[in-house]
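The values are calculated or read from the model by the stated rules, or taken from the named source; none is laboratory data. Model, not experiment: these values are computed from the prediction. For neighbour counting, all protein chains shown are included, and Cβ atoms are generated from backbone atoms with ideal geometry for every residue, glycine included. We work out accessible area using only protein heavy atoms, side chains counted, and drop any ligands, DNA or RNA first. Shrake-Rupley method; radii C 1.70, N 1.55, O 1.52, S 1.80 Å.
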Amino acid sequence: MIIHHKKEDLRQTLNGLRHKNQTIGFVPTMGALHDGHLSLIDQGLQENDKMVVSIFVNPTQFDNTNDLEKYPRTLDRDLKFLKRLSDEIIVYAPMADDIYGSSVTSEYFDFDGLEHQMEGKFRKGHFDGVGTVVKRLFEIVAPDAAYFGNKDFQQLRIIQKLVQKHDLPVNVVGCEIFRAEDGLAMSSRNERLTTAHRDAAPFIYKILKSVKIRFGTESANQVTEWVVNQFAKHDLLELEYFTIADEATLEAVKRKSKSKSYRAFIAVFAGDIRLIDNIALN
Ligand code: PAF
């Protein structure tokens, strides 16, 4: 496994591979790697000759300094994890100046309204930060394909929009949500849950599965009301938002249409840890 901390060194390695006609897949991460990342990297390894995995906790996508400070940083463990996985992995673990120079700020993006829904309402500037870092990483790595989990479905749709609007030659691949056996969607934040909150958290997916059934016969408003009541009764989990939205526009559904695909999106606080999840409804 090769590890680079500087983009120039990474570019040199990747240019060498391209001369040999090797294809390059890419999984951008903020580290604290778990089985969810593993499933993305695995899929990438099956579809490309080499996989670049970046590990960088991107400051510009955090609207909350406490969240940024507490975000798990486990580089040594992450490197061991990747080393065991495959020899075909190239790690890019930069410091902020390698990506941002001396000005760690976001660019402003217009994602045709996708950025104003759900996470955008609760995390100001988050998607400008994500857009900035992903665009720069795509420019540095220039991958053939990049893999993102459906857990951050809004992020995935926004990155597809980024690629389309900026004409970036990357195939963006959305991958199934990877869940623990009890249904909790894998996330680096899960590590910070207390035992009681970790035990409570599978409730989120249980509710989403019921939502899928209910949406067959009930309106979006009825389903939403039911979800709000379920969480009101829960001692450990606090609902931040629940929305049933059109997969394409991410706008909340007003009237169901057979020709559209819908997804239910949820954000929940388990103590001070914020968890998100979603489920395809049709
Ligand atoms: O999903 C994440 O971990 C981050 O938002 C990403 C895509 C690595 C950008 O920092």
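Residues of the stretch 268-282 that are out of contact with any Asp or Glu (no Cβ under 6 Å at 6 or more places or on another chain), open to solvent by 10 Å² or more (accessible area, probe 1.4 Å) and more than 18 Å from Phe178 (Cα to Cα): Gly271, Asp272, Asn282.
Across the stretch 133-144, the number of residues qualifying as more than 9 Å from the ligand (Cβ to nearest atom) and either open to solvent by less than 10 Å² (accessible area, probe 1.4 Å) or in a helix (DSSP H, G or I) (or both) comes to 7. Residues considered: Ile55, Ile24, Ile41, Ile89. Of these, the only one that is within 12 Å of the ligand (Cβ to nearest atom), in contact (Cβ under 8 Å) with a residue 12 or more places away in the chain and surrounded by 15 or more Cβ atoms within 10 Å (Cβ to Cβ) is Ile55.
Okay, residues lined up against (1) at pLDDT 95 or above; (2) open to solvent by 50 Å² or more (accessible area, probe 1.4 Å); (3) closer than 25 Å to Gly174 by Cβ:
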residue: Glu225; (1), (2), (3): yes, yes, no
residue: Phe231; (1), (2), (3): yes, no, no
residue: Phe242; (1), (2), (3): yes, no, yes
residue: Glu251; (1), (2), (3): yes, yes, yes
residue: Ile266; (1), (2), (3): yes, no, yes
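Would you mind stating whether Val163 is within 16 Å of the ligand (Cβ to nearest atom), modelled with pLDDT of 95 or more and more than 21 Å from Leu250 (Cα to Cα)? Taking the combined requirement at face value, the residue does not satisfy it. Scanning the stretch 95-122 for residues that are within 13 Å of the ligand (Cβ to nearest atom) and in contact with a Lys or Arg (Cβ under 9 Å, 6 or more places away or on another chain) yields Ile99, Tyr100.
Here's a check for you: in the stretch 211-243, which residue that is outside any helix (DSSP H, G or I) and of a type in the set (A, V, I, L, M) is farthest from Lys254 (Cα to Cα)? So, considering only residues that are outside any helix (DSSP H, G or I) and of a type in the set (A, V, I, L, M), the one farthest from Lys254 (Cα to Cα) is Leu236.
On the given criteria, is Phe153 open to solvent by 20 Å² or more (accessible area, probe 1.4 Å) and of a type in the set (A, V, I, L, M, F, W, C)? So Phe153 does not fit the description; no.
Let me confirm something: among Tyr108, Tyr147, which residue is crowded, with 21+ Cβ neighbours inside 10 Å and not polar (S, T, N, Q)?
The match here is Tyr147.
Taken over the stretch 171-183, the criterion of being without any contact (Cβ under 8 Å) to a residue 40 or more places away in the chain and either surrounded by 18 or more Cβ atoms within 10 Å (Cβ to Cβ) or closer than 19 Å to Val133 by Cα (or both) is satisfied by Asn171, Val172, Gly174. So Arg189 passes all but one of these: (1) open to solvent by less than 30 Å² (accessible area, probe 1.4 Å); (2) within 13 Å of the ligand (Cβ to nearest atom). Which condition number does it fail? Result: Arg189 fails condition (1) only.
In the stretch 250-282, how many residues are over 18 Å from the mean Cα position of the chain (by Cα) and not in a strand (DSSP E or B)?
Selection size over the stretch 250-282: 14.
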